[in-house]
Amino acid sequence: QVQLVESGGGLVQPGGSLRLSCAASGSIFSINSMGWYRQAPGKQRGLVARITNGGSTNYADSAKGRFTISRDNAKDTVYLQMNSLKPEETAVYYCNADVYVREGSWFPGDYWGRGTQVTVSS
């Protein structure tokens, strides 16, 4: 019904920048909040940043001041601008969205993309 596709990951040197994109498609009535999460090998998935439909944002403490989440509601797309990247931020970055599906229930569904690899290394 709904697909989230991430792009923009890759290899970057410490201190470098990347911009991730996530486009939602499918039987979408509306999208509530959207967010980015990351998971490093052997660790649990954790929040990086999240943004509501109205534009309110929430960041992990480690991301504040360096990362910026934004969205284009007309394109059902969310972005994550990552600056001053650190090696410990190497992980698979996943897109998430709360989506109201057309002809669906009163409650939104929780959808995940398959992830995009970000590697920060010299």
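The values are calculated or read from the model by the stated rules, or taken from the named source; none is laboratory data. Since this is a predicted model, take the numbers as computed values, not measurements. Positions of Cβ are backbone-derived with ideal geometry, glycine not excepted, and every protein chain shown enters the neighbour counts. Accessible surface areas use protein heavy atoms only, side chains included; no ligands, DNA or RNA. Shrake-Rupley method; radii C 1.70, N 1.55, O 1.52, S 1.80 Å.
Say whether the condition of being open to solvent by 60 Å² or more (accessible area, probe 1.4 Å), assigned to a strand (DSSP E or B) and either farther than 16 Å from VAL120 by Cα or among the aromatic types (Phe, Trp, Tyr) (or both) is met by at least one residue in region 66-74. Step through it out loud before you land on a result.
Our first condition is that a residue be open to solvent by 60 Å² or more (accessible area, probe 1.4 Å); within region 66-74, this holds for 68, 73-74.
Next, only the ones that are assigned to a strand (DSSP E or B) stay: 68.
Next, from what is left, pick out any that are either farther than 16 Å from VAL120 by Cα or among the aromatic types (Phe, Trp, Tyr) (or both): 68.
There is at least one residue in region 66-74 that is open to solvent by 60 Å² or more (accessible area, probe 1.4 Å), assigned to a strand (DSSP E or B) and either farther than 16 Å from VAL120 by Cα or among the aromatic types (Phe, Trp, Tyr) (or both).
Restricting attention to region 51-75, and to residues there that are without any contact (Cβ under 8 Å) to a residue 40 or more places away in the chain and among the charged types (D, E, K, R), which single residue is farthest from ALA91 (Cα to Cα)?
First pass over region 51-75, keeping only residues without any contact (Cβ under 8 Å) to a residue 40 or more places away in the chain: 51-72, 74.
Narrowing further to those that are among the charged types (D, E, K, R): 61, 64, 66, 71-72.
Numbers: ASP61: 17, LYS64: 18, ARG66: 17, ARG71: 22, ASP72: 25 Å.
Checking each candidate, the answer is ASP72.
Specify the residue that is surrounded by the fewest Cβ atoms within 10 Å (Cβ to Cβ); the eligible residues are those in region 75-100 that are out of contact with any Gly (no Cβ under 6 Å at 6 or more places or on another chain) and of a type in the set (A, V, I, L, M, F, W, C).
By that ranking, first place goes to ALA91.
Just checking, does region 40-49 include any residue being touching a Ser or Thr at 6+ places or on another chain (Cβ under 8 Å) and in a strand (DSSP E or B)?
Initial filter on region 40-49 (touching a Ser or Thr at 6+ places or on another chain (Cβ under 8 Å)): 40, 49.
Keeping just the survivors that are in a strand (DSSP E or B) gives 49.
For region 40-49, residues touching a Ser or Thr at 6+ places or on another chain (Cβ under 8 Å) and in a strand (DSSP E or B): present.
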